[in-house]
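Report on one structure; see the data block that follows.
No value in this document is a laboratory result; all are computed from the given coordinates. Because the structure is predicted, anything quoted here is derived from the model rather than measured. For neighbour counting, all protein chains shown are included, and Cβ atoms are generated from backbone atoms with ideal geometry for every residue, glycine included.
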Amino acid sequence: LTNTMEGARRWRLALEPALARARSCWRVEGGRCIHAGKVGVAVLIASSLSLFGLVEQEWAVITVIIIMQPTLGATLSKTAQRMLGTLAAASAALLCGLAANAIAARGGPHHAVWFVSVLEVSGTAALTYAGSCQKTWSYAYLLANITFSFLLLMTWRGDMDAAGKRITMIIVGAIIGITVHLLPPRQTAAAAARKLLTANFDDAARSLEE
């Protein structure tokens, strides 16, 4: 019995460094594993929208992948920027597209082409410049730049129904991403910082012991 207990103690001492490293790795990498799993679940939910015959549902999947970040705060920030950039650009593109159609009806297609060309160049240049100056909201400006360009062309061609469905799917994707992220276990920036700090202290303690 004594030999058995001594052997078990030796095995425990031999495995303790590996177990400690595994615990330290989980403190740091566990949050990433949880985040990856949640992204997979959210993508599955967004992809299942295709079963209902919804149009432009791939934009829900794209939105989920883009907005879901390791922490809740980062996810909400990404979502806010995506929604703000998309909705602002969509509103501007809708008004400009309707104006282009009105110009085409009155002055002919060539007038509308010039009008859309000027809007395309000036709008892209303004949003690109603003995005380079505002680092905090650079993603919102980037999304506004992309959205304004293709929605302007879509509304000019009269394809406003597809544009509306695409925006709807973006909103649905954002809702799915945030909802899945709120499910336990939640990952916050403060918790991630505590785990990283604890892991660093553990590594430092093991280094001193060695």
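Which of the peptides 85-95, 100-110, 143-153 is most tightly packed, and how do the rest follow, going by the mean number of other Cβ atoms within 10 Å of each residue?
My ranking of the peptides, most packed first, is 143-153, 85-95, 100-110.
Which of the peptides 178-184, 43-49, 55-61 is most tightly packed, and how do the rest follow, judged by the mean count of other Cβ atoms within 10 Å per residue?
55-61, 43-49, 178-184
For Tyr129 and Ile62, FRET efficiency with R0 = 25 Å and r from the beta-carbon atoms, rounded to 0.05?
0.45
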